[in-house]
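My structure is below; once you've seen it, I'll send some questions.
Read-outs: derived from the displayed coordinates by stated rules, not from any lab. Small disclaimer: the values here were computed from a predicted structure and weren't measured. Here Cβ is always computed from backbone atoms with ideal geometry, including for glycine, and neighbour counts include all displayed protein chains.
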Amino acid sequence: MSFKFGIIGTGIMGKAGGRILQLVEDVEVTALADISETMLKEAATEFNVSAIYKNYQDMLEKEDLDAVYVATPDQYHRDSCIDAMNAGCNVLVEKPMTTKQEDAEDIYKVVQETGKKFQVNFNHRWLAPYHKIKEMIDDGQLGEPIIGFARKNNPISVPTSMLASWAKDSSPAWFMNSHDIDLMVWWFDANPVEVYAKGIKRVLKARGMDTYDGIQSLVTFENGQFATFESAWIYPVTSPYMPDSFMEVIGTKGTTHVNRKDESIDAILEEKYTCPRTFLNYKVFDEWVGAMPSSVRSFVSACKNDTETVVNAKEGLRSTAILDAIHRSLESGKPEKIVLNF
Ligand SMILES: NC(=O)c1ccc[n+]([C@@H]2O[C@H](COP(=O)([O-])OP(=O)(O)OC[C@H]3O[C@@H](n4cnc5c(N)ncnc54)[C@H](O)[C@@H]3O)[C@@H](O)[C@H]2O)c1
């Protein structure tokens, strides 16, 4: 019997996830939900699905689903995750798990109550260089990781065009640093205790979008280790990088860098200089390859074989707690403590 998936939010990621799911063995996308009729119809045509809903709760009530993929904007993840698990579905949710720590705690509670499989789609865990760093930490080559740095910066077209409808309710840290924060916490294997963040609103504000141009945050962990995260949304549109991405870990015995900004391709074309992306989700012959399809397939496998998901609710909550503290610190102008309730 096939494993039935519903998708909540049929935008860029909802459709990308749907395309991957369609090619996973014994998996079927059988229902779609989106508040936008246009997005819904577009996805329904592409996936040849007739069970479409403007209200995801109707979908959960009427359809017999094994799992849902929640791909709504960051700030709307909580309710759909909780309602889906209470309706008996396993949940794969886009990163970040939620934008508020208390919302992530609510989800974590429901995961424990229902025993449903839950995974946050922090798909960078499946990128080989990041995995290699984890291995070098675990086998002692780097010693204890004590200092970290991560940069993820995008051209201004990301907030002003790609995410035009909701970038003002998000921030470069929510959208970009969340992956880096997940990786760093995974590598450091330590709980965060304090965050001090600085942000600036100038370029995007002048364009009528009240969000940060860029943010830098210093996160301290329980044994005194620390990491700095930078995210900016205002590179000129001439930037070939989507995003300019760099990570560093300094350990007591070694240092490692991952420079992922060009993903190994330079394309110097008549109209532009560009670095096309292939690492996260790319179709090679008839198969989707990269971090995103690996994450999706890993979730399906955990559901079918009753094994632990790779990025579970506790880990999602930990990253959200850091992101929440970053935004509290931006507001207060002071360092903010992190208290994890698990
Ligand atoms: N894992 C990754 O690498 C990655 C990359 C990009 C985006 N994301 C995340 O994926 C999520 C979606 O991003 P996107 O770029 O696809 O956004 P998008 O704007 O393209 O799509 C979001 C869709 O959700 C719909 N929607 C909004 N509220 C809804 C609701 N209450 N119920 C049902 N549908 C609703 C919108 O109409 C839209 O079609 C975000 O959380 C984002 O941060 C993850």
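Could you work out [θ]222 nm for the chain from helices alone, using -39500 (n - 2.57) per DSSP H run of at least four and dividing by all its residues? Round to the nearest 500 deg cm²/dmol.
-10000 deg cm²/dmol
For ASN48 and LYS334, what is the calculated FRET efficiency with R₀ set at 56 Å and r taken between the beta-carbons, to the nearest 0.05?
0.55
Okay, next question. Need one number for the stretch 6-132: average projected area of the convex hull over its C-alpha atoms, nm².
Details: hull surface 32.7 nm².
For the stretch 6-132, the mean projected area of the Cα convex hull comes to 8.2 nm².
Taking N as the number of residues in the stretch 174-277, what is its alpha-carbon radius of gyration divided by 2.2 N^0.38 Å?
For the stretch 174-277, the normalised Cα radius of gyration comes out at 1.27.
Would you mind checking the pairs LYS132/LYS261; LYS198/LYS261; LYS168/LYS205 and listing those with alpha carbons more than 21 angstrom apart?
Values: LYS132/LYS261 18 Å; LYS198/LYS261 24 Å; LYS168/LYS205 9 Å.
From the list (LYS132/LYS261; LYS198/LYS261; LYS168/LYS205), the Cα-Cα distance tops 21 Å for LYS198/LYS261.
Moving on to the next point. Run the paramagnetic zone check for SER157: 7 angstrom along Cα to Cβ, then residues of the stretch 198-225 with backbone nitrogen under 12 Å.
none
Just to confirm a number: summing +1 for Lys and Arg and -1 for Asp and Glu over residues other than TYR212 whose beta-carbon lies under 10 angstrom from that of TYR212, what do you get? Walk me through the numbers before you get to the answer.
On the way: positive: LYS198, LYS201, ARG202, LYS205; negative: ASP210, ASP213.
In short, +2.
Within the stretch 15-59, report the trypsin sites (Lys or Arg not before Pro) that DSSP leaves as loop and that have at most 16 other Cβ atoms within 10 Å.
On the way: sites: LYS15, ARG19, LYS41, LYS54; in loops: LYS54.
Listed in order of number, the matching sites are LYS54.
Same structure, new question: Need the full-extension length gain, LYS205 to ASP64, defined as separation in residues times 0.36 nm minus the C-alpha distance. One decimal, nm.
Values: separation 141, 0.36 × 141 = 50.76 nm, distance 4.50 nm.
This chain segment gains 46.3 nm when fully extended.
Once you have the Cα-Cα distance between MET1 and ASN191, take 0.36 nm times their residue separation minus that, and quote the gain in nm to one decimal.
Fully extending the segment from MET1 to ASN191 adds 64.3 nm.
LEU127: net charge of surrounding residues, Cβ under 15 Å, Lys/Arg +1, Asp/Glu -1, itself excluded? Intermediate results must be reported in sequence, preceding the final value.
On the way: positive: LYS95, ARG125, LYS132, LYS134, LYS152, ARG260, LYS261, ARG277, ARG297; negative: GLU135, ASP180, ASP182, ASP262, GLU263.
So the surrounding residues net to +4.
Follow-up question, since we're still on this one. Checking the cross-link filter: which lysines have an alpha carbon closer than 23 Å to that of LYS116, excluding same-chain neighbours under 8 positions apart?
Of all the lysines, those that pass the test against LYS116 - Cα under 23 Å, at least 8 places apart if same chain - are LYS4, LYS62, LYS95, LYS100, LYS304, LYS314.
Let me ask something else. Using DSSP to define loop residues, name the trypsin sites (Lys or Arg not before Pro) in the stretch 135-240 whose beta-carbon has at most 15 other beta-carbon atoms within 10 Å. Numbers along the way, then the final one.
Numbers: sites: ARG151, LYS152, LYS168, LYS198, LYS201, ARG202, LYS205, ARG207; in loops: LYS201, ARG202, ARG207.
Loop-located and lightly packed - LYS201, ARG202, ARG207.
Here is a follow-up. Note down the nm distance, to one decimal, between modelled labels 7 Å out along Cα→Cβ at GLU271 and at ILE35.
Placing both labels 7 Å along Cα→Cβ, they lie 3.4 nm apart.
A further question on this structure: List the pair-distance distribution P(r) of the chain, using every Cα-Cα distance, as the percent of pairs falling in each 10 Å bin from 0 up to the bin containing the longest distance, rounded to whole percents.
6, 25, 34, 26, 9, 1
Considering only DSSP beta bridges whose two residues both sit in the chain, what percent are antiparallel, to the nearest 5? Each step should come with its number before you reach the end.
Working: 35 of 63 bridges.
Percentage antiparallel, nearest 5: 55.
Quick one: divide the alpha-carbon radius of gyration of the stretch 226-279 by 2.2 N^0.38 Å and tell me what you get.
On the way: Rg = 14.1 Å, N = 54, 2.2 N^0.38 = 10.0 Å.
Dividing the Cα radius of gyration by 2.2 N^0.38 Å gives 1.41.
While we're looking at this one, here's another question. Efficiency by 1/(1 + (r/R0)^6): what FRET value for LYS261 and LYS134, r their Cβ-Cβ distance, R0 = 25 Å, to the nearest 0.05?
Working: r = 21 Å, r/R0 = 0.84.
Computed FRET efficiency for LYS261 and LYS134: 0.75.
Please give the net charge around THR252, taking every other residue with its beta carbon less than 15 angstrom from that of THR252, where Lys and Arg add +1 and Asp and Glu add -1.
Details: positive: LYS253; negative: ASP138, ASP139, GLU144, ASP189, GLU248.
Here the count lands on -4.
Sticking with this one: Using a Gaussian network model of the chain with C-alpha springs under 10 Å, which one of TRP174, TRP233, TRP166 is most mobile by mean-square fluctuation?
Highest fluctuation of the listed residues: TRP166.
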